[in-house]
Amino acid sequence: MNTLLILLAQTKSGATIEILSLLLVAAIIGYVTAWLYYKSIYEKRIKAVESDKHELNNRIVNLDADIVNLKNSLGEKEIEIEQLTMETKVLVHIAQQKHLLNYESFGTATEAEKDDLKKISGISHVIEASLNALDIYTFRQISNFTARDIETFNDAIIYFSGRIDRDEWVAQAKELVYSQDKRDELFHRISERKSNIQYNRIGIAKKEEADDLTIISGIGGWIKEKLNVLDIYTFKQISNFNSEDVAAVTEAIEYFPGRIERDEWVLQAKELVRIAGNKSELLKSIRDRQDRIYFDRLGIAYKHEANNLTLIDGLGLWVEERLNLLGIYTFNQISKLTHEDIETITEVLEIIPGRIEQDNWVGQARELAKA
């Protein structure tokens, strides 16, 4: 009996241990399973939180960049407002010079009769606004300018000094006031000269492919029309001109000898081909490098103080436009250029090395500043 009780006790004890072992294993498995399950859930949440954090950091970076851009934009707008205010004052000052002009000589006109004076090569938006401030609105008025009228302009409006003669405003204006018959006759003469153009060298283009050739400094709307009569429509064609082509085109459109070379049409066209016609981006990139110019030495000048820099031999409209973007407007500034300044300007404007010295810009500017 005692032996039986002992066996039963041992059996119960072994079963209990086995049961407890199984329960412990089950508990461990349950715990591990639950741990793995919750780990997978929380890992996903952690990844989602980290992703949100990364996105928020990017947004913060972008917002910081936006703040910087807005501040820069605000600064640019303030400069633009200041510039517009100054230009308005200048136009008011120019308008006050009306009494010096002889309107009986070249005639009067109203704003309602206004022509697009920018069609004349050499007349920019700024110059057109200045002319309008003097109640000069039409090609007819400019076509009537006499030598005395031009002299008065040169004395009264410093910015015009030398431009009217140098850019042949009067001759261009005379063509622009042609009757339709006379204009047709001119276009017919130009068309007959197509045989003198080497299209196999400059390339063939159609009207549908036309670039806005007036983007090239020195080409106004009227010259563009005459070039189009020759089936010259694109920057690519002009970029391919050699000296023979320049001579042939000059003769064909009855243009002023030396003007195409002086205004550097070919160089500008090559640059416009390279940047796919996006001149505004090119000009912005030049303006962005203005801080490389040492104005403490050259002095600061503004657009309304601008001299006619094209009076410097070797400095055409295209170079003048880019110099103005750098904040260089006057003979006085150019007269102070050092070797270091010249190297910087040559690099920034991509001028042929040595050209500034060779053409003696500094010496010419010094004499013009004195005058």
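Just so you know, all these numbers are worked out from the coordinates, no wet-lab data involved. It should be emphasised that the depicted structure is a prediction, and the values quoted were computed from it without experimental measurement. Glycine gets a Cβ as well: all are built from the backbone with ideal geometry, and neighbour counts include every protein chain shown.
Structure above, values below:
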{"quantity": "Kyte-Doolittle mean at least -1.0, axial Cα span of 27 Å or more - DSSP H helices of the chain", "calculated": "2-95"}
{"quantity": "Cross-link reach list, aspartates and glutamates versus K98, counting only Cα pairs under 17 Å and skipping chain neighbours closer than eight places", "calculated": "E111, E128, D135, D149, E151, D155"}
{"quantity": "Sorted by Cβ density within 10 Å, fewest first, the residues D116, D296, D341", "calculated": "D296, D116, D341"}
{"quantity": "Computed Rg/Rh of segment 19-69, alpha carbon atoms with Kirkwood Rh", "calculated": "1.53"}
{"quantity": "Residues of type lysines that K224 reaches as a straight line, Cα spacing below 26 Å, ignoring anything fewer than 8 places off in the same chain", "calculated": "K114, K118, K119, K174, K182, K194, K206, K207, K236, K270, K279, K284"}
{"quantity": "Cut-off 9 Å between beta-carbons: net charge of the residues surrounding T234, Lys and Arg +1, Asp and Glu -1", "calculated": "-1"}
{"quantity": "R166-A247 pseudo-label distance in nm [points 7 Å out on the Cα-to-Cβ vector]", "calculated": "2.7"}
{"quantity": "Normalised contact order of the chain, rounded percent, pairs of Cα under 8 Å and 6 or more residues apart", "calculated": "12"}
{"quantity": "Prolate/oblate/rounded call for segment 281-370, Cα gyration tensor, a/c under 1.5 rounded", "calculated": "rounded"}
{"quantity": "At 1.002 mPa s and 20 °C, Stokes D of the chain from Kirkwood alpha-carbon radius, µm² per second", "calculated": "82"}
{"quantity": "Protection-proxy order for peptides 133-145, 248-260, 95-107, 51-63, each taking the mean of Cβ atoms within 10 Å per residue, highest first", "calculated": "133-145, 248-260, 95-107, 51-63"}
{"quantity": "Charge tally in the Cβ shell below 11 Å around V348, where Lys, Arg are +1 and Asp, Glu are -1, V348 excluded", "calculated": "-2"}
{"quantity": "Among Y137, I41, S239 the positive-end extreme of the charge dipole of the chain (Cβ point charges)", "calculated": "I41"}
{"quantity": "Integer Hz, Karplus 6.51/-1.76/1.60 couplings in order for segment 293-307, x for Gly and Pro", "calculated": "8, 8, 6, 4, 8, 7, x, 9, 9, 10, 3, 5, 9, 4, 8"}
{"quantity": "Counted charge near I260, where neighbours are those whose Cβ lies closer than 15 Å (Asp, Glu -1; Lys, Arg +1)", "calculated": "-3"}
{"quantity": "Kirkwood hydrodynamic radius of segment 179-277, from inverse mean 1/r over distinct Cα pairs, in Å", "calculated": "13.5"}
{"quantity": "Value at 222 nm in deg cm²/dmol, rounded to 500, when DSSP H runs of n ≥ 4 in the chain each add -39,500 (n - 2.57)", "calculated": "-20000 deg cm²/dmol"}
